[in-house]
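Right, one structure below, let's go through it.
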């Protein structure tokens, strides 16, 4: 059928029953993405199928990794730079619409990841079948890049499964399992991985009839009157979560859907023009940059074998216990040591909750539970290729523990500390093999925070670092290598922000006001709520460790709370009272007016310390600094990170504002070394 049409990325088979099976295997790539070359070949294939229609068409992936990971983001970024986004989107739309209009039944056979453009390709088929493999995930995550689906996702999904079901998926980028997609009507049939092609062929031979209830739901929720009534409500719900000025894409999705009529071509035009506009926004550019930063962190663990099977964790508190649980969840054998079983048991309870939430099936939950065991005696250290110390922040106590643990480790075993602030040159002083000692600094809550700081010191062996990087990737975390100076990267940058917020609080600025101002800047959580969440004891400990180094004092008001046993969320009271895991924030006096420099007082110390970290070589470059702060603190992703934000606003302007704050509030705001660095200038 395709004689004379040489294809690099697509493989075709015409079966005896007249059905064509089309398999995507993008050349030179471990995963399938819809690069322009892939779409060009698909367009040529569809043109031939229009001339010689088969009995049916199956589109599947020839790669074990999954179906299609989406569009090629690197190509999209180049289109954005060259002003060709609209043309690229319209080309993809035309290819997919011709697929829709083929005079034969079509089915997408999905296994593994099916994201973005991959899901849009599947939506352009008449039917979809999916593998019940746990790795199968189907979604449209473009909103996380500051744009929205542009190859028919917004135009087709609401009409297929109903607007009330489709909009949450489009607005959040949430991915669905095969079963969940089947329940919504996005997938027609779920089959085993081995039986996926047979299921696709069966659907072509006997196409399923969509349930009447699903058809009625989809029709009723997309009428003109329904769109005009529902759109303002969805906009209001969205505005309660994000600001349109910060994240315009969700609001654009609602508007494209509201305006979209019955004509698919009209809906596609609206979609394409909307994406092209969004691609020009700073938010999209920064979020796409954040995507590449994430890919860079992922690549740091490539090319090395960690050689770790068993992890021994010492310290079953919130951090140590949750690190142990996460390692067991990710498939490692884990022993968890503490002084008595009563200190370990709460960690095991939390671990069971994590396993039940993430693993779903009784068999997988039981397997993970069996991988994590209490170890009061510490015998598990002898079986471990990696030991992680997660006890309280006291150098002498940590060194005493190392003297007990290090001799027990297997030959070549790594010893790591989860210290959040103590310099590693100090901690490694008495070790037998300091070259295999390093920091693995996790963040709370471990299951949610993606970053792990890999903390170096002057004696660390390069091969040990590579093994540790590979281990961090094996537990599905993002590693960022940092120097072992006080506070490392994230806490050093975060602490001036938190301490200044606490100082403002002590001066009488209400906590809810401070939190509101920070969230308006784009922080995911305000500083007062954050301090309660991480624990006032932890904040005070890090503050005392870093205070002399940073030239900062612990603000008044923190010690009395600690003395009264009010450590924050974990005790039910800190700056706020906590109920059912949420802070009860006091009502504000409507007459209260916040100081006009409040945002600067909180944010500029953070930026000032980021500049100092870059100047001090805490990380290798500005990109790694931005990545570490975004993934370690949640720093406003739409701003692209502290250094990118400085470039955007202007280093000279921000330094001038710091000087004004120093004149008004004291020398703690004085600009630090590094503000003249060329890396702070736009375009660098």
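Rule-based calculations on the coordinates, nothing more; no lab input. All of these numbers come straight from a predicted model, not from anything done at the bench. Heads up, the Cβs are rebuilt from the backbone with ideal geometry, glycines too, and the neighbour counts pull from every protein chain shown.
Residues in segment 415-430 near a label at residue 461, defined as backbone nitrogen under 11 Å from the 7 Å Cα→Cβ point?
The answer is 415.
Based on the mean of other Cβ atoms within 10 Å per residue, sort peptides 552-565, 49-62 so the most packed one is first.
With the highest mean Cβ count within 10 Å placed first, the list reads 49-62, 552-565.
Helix-derived [θ] at 222 nm for the chain: sum -39500 (n - 2.57) over DSSP H runs of at least 4, divide by residue count, nearest 500?
Values: 28 runs with 335 residues, N = 684.
Calculated mean residue ellipticity at 222 nm is -15000 deg cm²/dmol.
With the crude spin-label approximation of a point 7 Å out along Cα→Cβ, what separation in nm comes out for residue 525 versus residue 223?
Going from the residue 525 label point to the residue 223 one covers 4.5 nm.
So how do 261-274, 200-213 stack up, highest first, on mean other-Cβ count within 10 Å? Walk me through the intermediate numbers first.
On the way: 261-274: 17.1, 200-213: 14.6.
Sorting 261-274, 200-213 by mean packing, highest first, produces 261-274, 200-213.
Relative to the longest principal axis of the chain, what angle (0 to 90°, nearest 10) does the C-alpha long axis of helix 196-205 take?
Once rounded, one gets 30 degrees.
Determine, for 104, 114, 504, 327, the number of other Cβ atoms within 10 Å of each Cβ, and report the residues in order from fewest to most.
Ranked by crowding around the Cβ, least crowded first: 104, 504, 327, 114.
Using the Cα atoms of segment 10-280 to build a convex hull, what is its mean projected area in square nanometres?
13.6 nm²
Using only Cα atoms, find the angle between the long axis of helix 536-550 and the longest principal axis of the chain, and express it within 0 to 90 degrees, rounded to the nearest 10.
That helix lies at roughly 70 degrees to the long axis.
Based on the Kirkwood radius over alpha-carbon pairs, what is the Stokes-Einstein translational diffusion coefficient of segment 490-594 at 20 °C with 1.002 mPa s viscosity, in µm²/s?
So the translational diffusion coefficient is about 154 µm²/s.
Arranged by the count of other C-beta atoms within 10 angstrom, fewest first, what order do 326, 675 take?
Least to most surrounded, the residues fall as 675, 326.
With the crude spin-label approximation of a point 7 Å out along Cα→Cβ, what separation in nm comes out for residue 14 versus residue 588?
It works out to 7.0 nm between the two label points.
Compute from the Cα atoms of segment 1-151 the Rg and the Dmax, the latter being the longest Cα-Cα distance, and quote both in angstrom.
Answer for segment 1-151, Rg first and Dmax second: 14.8, 47 Å.
In what sequence do 638, 392, 96 fall when counting other Cβ within 10 Å, fewest first? Let's see the in-between values first.
Values: 638 22, 392 12, 96 27.
Arranged by neighbour count, lowest to highest, 638, 392, 96 become 392, 638, 96.
Using only Cα atoms, tell me the angle between helix 341-359 and the longest principal axis of the chain; keep it within 0 to 90° and round to the nearest 10.
20 degrees
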